[in-house]
1. Taking θ as phi - 60°, what are the ³J(HN,Hα) couplings along the stretch 82-95 by the Karplus curve (6.51, -1.76, 1.60), each to the nearest whole Hz, with x for Gly and Pro?
2. What does the extension gain come out to for residue 111 and residue 214, with contour length at 0.36 nm per residue minus their alpha carbon separation?
3. Taking 0.36 nm per residue of sequence separation and subtracting the Cα-Cα distance, how much length would be gained by fully extending the chain between residue 182 and residue 138, in nm to one decimal?
4. Under the 0.36 nm per residue contour assumption, what length would be gained going from the current alpha-carbon distance of residue 99 and residue 77 to full extension?
5. Taking amide hydrogens as modeled 1.01 Å from N in the peptide plane, which residues meet the under 5 Å criterion relative to residue 217, leaving out close sequence neighbours?
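What follows is calculated from the coordinates using simple rules that are stated; it is not laboratory data. This is a predicted model, so every value here is computed, not measured.
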Amino acid sequence: MAVEVYSLTYGFSEGCLICGLFSCIFFSSKLQGSGPVPVKQYMLLIGLVKGKSFFQSALQKLNSQLELVLSCSQAKRDTLRETLKSEQKWLEEKKEVLRAGTEHVVKQRLENERLSEHSVLQDTKKKIQKMKDYQNRLMETLADVLAEHFPLPTQETNADKKKKNIPQELNENLISLNEVLELLMNTTLETPHDPYILIDETFWPPYTEMLLRHGIAQRHPEDCFKIRLETFY
């Protein structure tokens, strides 16, 4: 109780460890009647008081700095949270766009494949039809040329040959040179492994010899009554 009285009397803080020590030293010296407190004890107490003040100031400064760091960290944390939310939202949107784009690409690819197959088929059909038309025109032109320049023998031509004392029997079943060429070409295309045709009485011998002489047809090496179209490729 006496220590508390002296502490209050001399302005010491109640509850402070250093102030309590200071009060105890001062009160014990009064009780013992030893006179004033030694200077060394005063200096020690003053050093402790100053150290306390410096320590409290340092703690307050450190506390304020830590509070500032905490405030900055909390603000940074809140900012990062908002950034994370926005980035996650952006990522979900991009995933949705990517999903839609992938579905569209797959759909377009399937559609292109279907259209590509259809277009290729149609283009091939057009080319085939074009080649058929071109072949028909060529065959018609060939038939016209052959009919004009290589007609079948008639009774008049046969009579002229009889006047020249060349015996000639006319077969009414003779086929034209155009029909002979068509038969040779069709046989070559239909049965390329056996392209020969048999020469019978329907073939007019002068036309057959002309085809062989000009390298358009070729005889069978073992059967002279068979001919084939010459290989032009």
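1. 5, 5, 4, 5, 5, 5, 5, 5, 4, 5, 5, 5, 5, 5
2. 31.5 nm
3. 14.7 nm
4. Working it through step by step, the gained length comes to 4.7 nm.
5. The answer is 212, 230.
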